[in-house]
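Rule-based calculations on the coordinates, nothing more; no lab input. A quick note: this is a predicted structure, and the numbers were derived from the prediction, not measured. Virtual Cβ from ideal backbone geometry, glycine too; neighbours counted across all protein chains shown.
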Amino acid sequence: AQSVTQPDIHITVSEGASLELRCNYSYGATPYLFWYVQSPGQGLQLLLKYFSGDTLVQGIKGFEAEFKRSQSSFNLRKPSVHWSDAAEYFCAVANFTGGGNKLTFGTGTQLKVEL
Amino acid sequence: KAGVTQTPRYLIKTRGQQVTLSCSPISGHRSVSWYQQTPGQGLQFLFEYFSETQRNKGNFPGRFSGRQFSNSRSEMNVSTLELGDSALYLCASSYGTSGGDTGELFFGEGSRLTVL
């Protein structure tokens, strides 16, 4: 069965500093990977996705992620964090068993930004 | 284009009652999925519907059920509510195809259920 691990529950960074959120996945085939962000009281917003091709993918709000098959990782990065980036971030892998679509999420990383 | 709309946004029920949550997907989307989010268990998949048929189901008891209508709108129902059912219930939609889609889900803001 597929799984996603986000080893960091909480991360605090200063505004303007760089950010890297870690994500490791377990999936038998080529994974479809996603990063979502959730602000308090809100739903999930898609930041970026990886299906195939270029292993460095660009997303919204200046985020990017790199897929590394050898390390089973899909880490999220941002060169300079803004206070508005404070939120919870979820990594997910898609499973198309049965012709449908089911996302397995990691436990999330809560990002705090210090001004 | 309107996003995924969930109603009600907040509701309070007591143990033993039942609840129905509604989800209107993005226009043109035919797949609707439901997820439960709790602090302890995180985001867990409940079920997915496509063309009025349940295509996938998560590991939840039979008290959790859903359906999809011909206009792709979906409802989920929880019967005999328990305290542990308190959660944020998120609906997500996607284009969907008969053979699966690209996995990109668009989420609503959720329905927050509190069971007393």
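Summed over region B:12-41, residues that are of a type outside the set (Phe, Trp, Tyr), within 15 Å of the chain's Cα centre (by Cα) and in a strand (DSSP E or B) total 12.
Of all the listed residues (A:LEU111, A:LEU76), the sole one being hydrophobic (A, V, I, L, M, F, W, C), assigned to a strand (DSSP E or B), more than 14 Å from every other protein chain (Cβ to nearest Cβ) and touching a helix residue (DSSP H, G or I) at 6+ places or on another chain (Cβ under 8 Å) is A:LEU111. Checking A:VAL93, A:VAL81 one by one, the residue that is aliphatic (A, V, I, L, M) and assigned to a loop (DSSP other than H, G, I, E, B) is A:VAL81 and no other. Restricting the first member to region A:35-64 and to residues that are within 11 Å of chain B (Cβ to nearest Cβ) and among the basic types (Lys, Arg), and the second to residues that are surrounded by 11 or more Cβ atoms within 10 Å (Cβ to Cβ) and not in a strand (DSSP E or B), the beta-carbon pairs closer than 7 Å and six or more apart or on different chains are A:LYS49/B:GLU104.
Within region A:1-55, the residues that satisfy the criterion of being surrounded by fewer than 16 Cβ atoms within 10 Å (Cβ to Cβ), in contact with a Gly (Cβ under 9 Å, 6 or more places away or on another chain) and assigned to a strand (DSSP E or B) are A:SER3, A:THR5.
Contact map, region B:72-93: residues that are under 17 Å from B:GLN41 (Cβ atoms) paired with residues that are of a type in the set (Ser, Thr, Tyr), Cβ distance under 6 Å, separation 6+ or inter-chain. Pairs shown: B:SER86/B:THR114; B:ALA87/B:THR38; B:TYR89/B:SER111; B:LEU90/B:TYR35.
Sort out which residues of region B:5-47 are of a type in the set (Ser, Thr, Tyr), away from chain A (no Cβ under 14 Å) and farther than 11 Å from B:LEU90 by Cα, and write them in order of number.
Those that are of a type in the set (Ser, Thr, Tyr), away from chain A (no Cβ under 14 Å) and farther than 11 Å from B:LEU90 by Cα: B:THR14, B:THR20, B:SER27.
Scanning region A:85-112 for residues that are among the charged types (D, E, K, R) and in contact (Cβ under 8 Å) with a residue 60 or more places away in the chain yields A:ASP85, A:LYS112.
Evaluation of B:GLY96 against the conditions (1) within 14 Å of chain A (Cβ to nearest Cβ); (2) touching a residue at least 40 places away in the same chain (Cβ under 8 Å); (3) surrounded by 19 or more Cβ atoms within 10 Å (Cβ to Cβ); (4) at negative phi shows that the sole unmet condition is (4).
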